[in-house]
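Structure first, then comments.
Values in this text are rule-based calculations from the coordinates and carry no lab data. Just so you know, these numbers come straight off a predicted model, no measurement behind them. Ideal geometry is used to build each Cβ from the backbone, glycine not excepted, and the neighbour counts take in all protein chains shown.
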């Protein structure tokens, strides 16, 4: 049921965006394009998961000031939108990327990373995992040796 509701919301958003772009029937619907990307922040090409058992999980994630996600990776495509605050995502090889309120995040796949709230207030985001039934969206990894 939740998946159907989420898919209906996604479809409605897509229709609203198309309608707004074509300036047709849905004149009371406003849209704002946040971002369009073909790569994650590290340059990794975005790819869709191929499965006969898709599962979309939507979360609101809140990280307190100084808090962190812990080192992990994703084998599934993950997308996020920053509602509040600031998060710094550090990659295993040493690079980091800062995301602030209003930013879209196109998560890296198969790459160990840690998200840390580097601001003075809670960091809050909507996260969408486009995964597969029965498979984890997040896999914990050890802290890289260079950290």
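What spacing in nm lies between the two simple spin-label points modelled at residue 98 and residue 52, each 7 Å away from Cα in the Cβ direction?
Each label point is offset 7 Å from its Cα along the Cβ direction, giving 4.8 nm.
So if we plug the beta-carbon distance of residue 62 and residue 28 into 1/(1 + (r/R0)^6) with R0 = 22 Å, what FRET efficiency do we get, rounded to 0.05?
Values: r = 31 Å, r/R0 = 1.43.
Step by step, r from the Cβ atoms, then E = 0.10.
Using only the Cα atoms of the stretch 34-140, what semi-axes does the equivalent ellipsoid have when each is the square root of 5 times a gyration tensor eigenvalue? Give whole Å, largest first.
Whole-Å semi-axes of the equivalent ellipsoid: 22, 15, 14.
Percent relative contact order of the stretch 85-147, based on C-alpha pairs within less than 8 angstrom and at least six residues apart?
Taking the mean separation of contacting Cα pairs over the length of the stretch 85-147, I get 36 percent.
When only C-alpha pairs under 8 Å and at least 6 residues apart count, what is the relative contact order of the stretch 34-140, in percent?
41
So between residue 73 and residue 135, what do we pick up on full extension, going 0.36 nm a residue minus the alpha carbon distance? Don't skip to the end; give the middle numbers.
Details: separation 62, 0.36 × 62 = 22.32 nm, distance 1.33 nm.
Difference between extended and current length: 21.0 nm.
What FRET efficiency would be calculated for the residue pair residue 110, residue 84, taking the C-beta separation as r and a Förster radius of 25 Å, to the nearest 0.05?
The formula returns an efficiency of 0.30 here.
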